[in-house]
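Reviewing the structure listed below.
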Ligand code: DC
């Protein structure tokens, strides 16, 4: 097992922005586990399988071959050999993904892939269940959150910058709904691990959050936490 930093938290908390910067500073690979679940969600959307059909989803998830590659700090996700990065970050895929990520068959497959990656390299991994389930022995664990209005505004700006037409109120509604589902599902719900440090980024800049996490890493290295 290599060195690992686990960053969990709700949608739009800034996990990927922060995790990428930490990975660069710490010379680790950044592993975006949400993108793996999204690739799975995309597969079911494309195949017209409804999010509520657990039986078909459990049967079919073996047919979605998900692999990832890393270059220049960016993760590329391949779905049955196709680079699907450009299709993953839409609200449609996000909502489908939250719905199918409640199923044990989906989670088992992706957790195994994530654990294999962490065995092969030093990683900063972000998601919902990294500190609690995927890497319970992670060297540093952070639970990164922010108020839902702040998170909705960030996601709105991210989507608007890409030219996607979106509605701020609808995004906040989706975020609250997704939080509900991610926090209340039966297996590996989103929650702060007992040994994770809570960081609320609501009033913080990206650089302040990065510095806070790097200082936690330094404390840990000096045997502080
Ligand atoms: O972080 P994200 O918005 O890309 O994640 C999309 C969905 O994937 C999220 O709503 C829940 C699911 N997910 C999960 O269940 N476990 C993870 N480790 C990462 C994401």
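Is the C-alpha gyration tensor of region 141-225 telling us rounded, prolate or oblate? Criteria: a/c under 1.5 is rounded; beyond that, a/b larger than b/c is prolate, otherwise oblate. Since a/c reaches 1.5 but b/c is at least a/b, the shape of region 141-225 is classed as oblate. The overall shape of region 57-175, judged from the alpha-carbon gyration tensor, is prolate: a/c is not under 1.5, and a/b is greater than b/c. Of all DSSP bridge pairs formed entirely within the chain, close to 30 percent run antiparallel. Using alpha carbons only, how many angstrom separate the centre of region 173-225 from the centre of region 125-145? Using only Cα atoms to place each centre, the spacing works out to 8 Å. With the convex hull of the Cα atoms taken as the outline of the chain, the averaged projected area works out to 11.8 nm². Taking 98, 215, 202 as the candidate residues, the one with maximal mean-square fluctuation in a Gaussian network model of the chain, Cα springs under 10 Å, is 215. Over the chain, DSSP H runs of length four or greater, each weighted -39,500 (n - 2.57), average out per residue to a 222 nm ellipticity of -15500 deg cm²/dmol. At full extension, residue 72 and residue 47 could sit 5.8 nm farther apart than now, given 0.36 nm per residue minus the alpha carbon distance.
Each reported figure results from applying straightforward, stated rules to the coordinates on display, with no laboratory input. Here the structure is a predicted model, which means the values were calculated and not measured.
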